[in-house]
Amino acid sequence: MTQIFAHRGYSAAFAENTMSAFVAAEKSGADGLELDVQLTKDGEVVVIHDEKVDRTTSGKGYVKNLTFNEVRKLNANKKGSKKEPIPSLIEVLEWMQTNQLICNIELKNGIFPYEGMEEKVIHLIRKYNLSDRIIISSFNHYSIVLSYRMAPEIETAPLFNEQIYMPWVYAQSIRAKGIHPKLASITDKIIKDAIENGVAVRPYTVNKDTDMHRLFKINCTSIITDDPVKAIKIKKEYETRP
Ligand code: G3P
Ligand code: CA
């Protein structure tokens, strides 16, 4: 049955990419999380979507120009009442020791190449013994290939927005076990063909009821959604069917 991945945690109800959003996703019963990583000036892997801290935090500027200590002082729960720090990847991987979630780490290295990011992320995944519970994804497919070469035991998945022809062939050519397409770029036929050819499909970002129904009906591998609570509720309708 289709797995539910909470996009940036349970971001429909909590500040995106915060520990609260991740803990809430786990409590909701989601199978996994999706989160984004950037590198600080002093080389710490931190969990934040944008290259700049401006949109989601109390601060200003590029993550790459701030030290980890500076980043940690910011409030990532800008709209909420309770202050929340930007998590480090270490913090998330430590917390993953207490649960069975799968985690899709999206390397945000499409705009700034962040030299050494793959190595740092892989080092941490191995240190915390999580190779079989992590999927590395990126829009930077050179980084996907580099990650695979450095750690063939960790699953990879290219992200894409466009209608790639036979994406499972492309995925296999770069030794990726899955693809993470934008929902609008993928048809039922492509999803089914990819799965039949052994390639997992996890479309993003699936928030509408109609899209969830569509993907559960064809038994898509996983969906990446902001609202795992809604997704789980809808999925139950399919689990009880004979
Ligand atoms: O990983 C799926 C999705 O998160 C990719 O787009 O911009 O939400 O990181 P974005
Ligand atoms: Ca992402």
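The values are calculated or read from the model by the stated rules, or taken from the named source; none is laboratory data. Only a predicted model underlies this, so the values are computations on that prediction, with no experimental measurement involved. Cβ coordinates were reconstructed from backbone atoms using ideal geometry, including for glycine residues, and neighbour counts include every protein chain displayed.
Total residues in segment 12-29 satisfying the condition of being within 16 Å of ligand 2 (Cβ to nearest atom) and surrounded by fewer than 24 Cβ atoms within 10 Å (Cβ to Cβ): the figure is 4. Considering only residues that are farther than 23 Å from Met212 by Cβ and among the small types (Gly, Ala, Ser), look in segment 170-189 and name the one that is surrounded by the fewest Cβ atoms within 10 Å (Cβ to Cβ). Result: Ser173.
If we keep just the residues of segment 156-197 that are of a type in the set (Phe, Trp, Tyr), touching a residue at least 12 places away in the same chain (Cβ under 8 Å) and out of contact with any helix residue (DSSP H, G or I) (no Cβ under 6 Å at 6 or more places or on another chain), which is nearest to Met117 (Cα to Cα)?
Of all residues in segment 156-197, those of a type in the set (Phe, Trp, Tyr) come to 160, 165, 168, 170.
Going one step further and asking which of them are touching a residue at least 12 places away in the same chain (Cβ under 8 Å), we end up with 160, 168, 170.
Filter once more, keeping what is out of contact with any helix residue (DSSP H, G or I) (no Cβ under 6 Å at 6 or more places or on another chain): 160, 170.
Working: Phe160: 20, Tyr170: 24 Å.
My answer is Phe160.
For Pro167, indicate whether it is touching a Pro at 6+ places or on another chain (Cβ under 6 Å) and either surrounded by 13 or more Cβ atoms within 10 Å (Cβ to Cβ) or modelled with pLDDT of 95 or more (or both). No. Being touching a Gly at 6+ places or on another chain (Cβ under 8 Å), charged (D, E, K, R) and closer than 28 Å to Ile232 by Cα: is that true of Glu16 here? For Glu16, the condition - touching a Gly at 6+ places or on another chain (Cβ under 8 Å), charged (D, E, K, R) and closer than 28 Å to Ile232 by Cα - is met.
Quick one: which residue in Ile186, Ile195, Ile223 is under 29 Å from Asn140 (Cβ atoms), at pLDDT 95 or above, under 17 Å from the mean Cα position of the chain (by Cα) and not polar (S, T, N, Q)? Step through it out loud before you land on a result.
Details: Ile186 fails: under 17 Å from the mean Cα position of the chain (by Cα); Ile195 fails: under 17 Å from the mean Cα position of the chain (by Cα).
Of Ile186, Ile195, Ile223, the one residue that is under 29 Å from Asn140 (Cβ atoms), at pLDDT 95 or above, under 17 Å from the mean Cα position of the chain (by Cα) and not polar (S, T, N, Q) is Ile223.
Inspect segment 58-68 for any residue being within 26 Å of Glu155 (Cβ to Cβ) and under 20 Å from the mean Cα position of the chain (by Cα) and give the result as yes or no. Even if it seems obvious, please write down each step before you answer.
Here is the first cut: in segment 58-68, the residues within 26 Å of Glu155 (Cβ to Cβ) are 63.
Those still in the list that are under 20 Å from the mean Cα position of the chain (by Cα) too: 63.
The answer is yes, given that some residue of segment 58-68 is within 26 Å of Glu155 (Cβ to Cβ) and under 20 Å from the mean Cα position of the chain (by Cα).
Condition test on Glu153, is it under 19 Å from the mean Cα position of the chain (by Cα), away from ligand 2 (no atom under 16 Å from the Cβ) and either without any contact (Cβ under 8 Å) to a residue 24 or more places away in the chain or at positive phi (or both)? Reasoning before the result, please.
Values: under 19 Å from the mean Cα position of the chain (by Cα): yes; away from ligand 2 (no atom under 16 Å from the Cβ): yes; either without any contact (Cβ under 8 Å) to a residue 24 or more places away in the chain or at positive phi (or both): yes.
Here the answer is yes, as Glu153 does meet what is asked.
Considering only residues of segment 18-32 that are closer than 10 Å to Ile4 by Cβ and of a type outside the set (S, T, N, Q), which is farthest from ligand 1 (Cβ to nearest atom)? Show your work before the answer.
Pass one, segment 18-32, residues closer than 10 Å to Ile4 by Cβ: 25, 28-32.
Among the residues that remain, those that are also of a type outside the set (S, T, N, Q) are: 25, 29-32.
Details: Ala25: 14, Gly29: 20, Ala30: 14, Asp31: 15, Gly32: 11 Å.
Top of the filtered list is Gly29.
Taken residue by residue, segment 85-103 has no member that is within 16 Å of ligand 2 (Cβ to nearest atom) and over 18 Å from the mean Cα position of the chain (by Cα). Within segment 33-50, the residues that satisfy the criterion of being assigned to a loop (DSSP other than H, G, I, E, B) and either at positive phi or within 16 Å of ligand 1 (Cβ to nearest atom) (or both) are Gly43, Ile48, His49, Asp50. Anything in segment 209-242 that is within 22 Å of Leu159 (Cβ to Cβ), more than 16 Å from ligand 1 (Cβ to nearest atom) and not in a helix (DSSP H, G or I)? List them, or say none. Correct list: Ile218, Asn219.
In this structure, is Lys217 without any contact (Cβ under 8 Å) to a residue 12 or more places away in the chain and either surrounded by 22 or more Cβ atoms within 10 Å (Cβ to Cβ) or over 18 Å from the mean Cα position of the chain (by Cα) (or both)? Answer is no for this residue.
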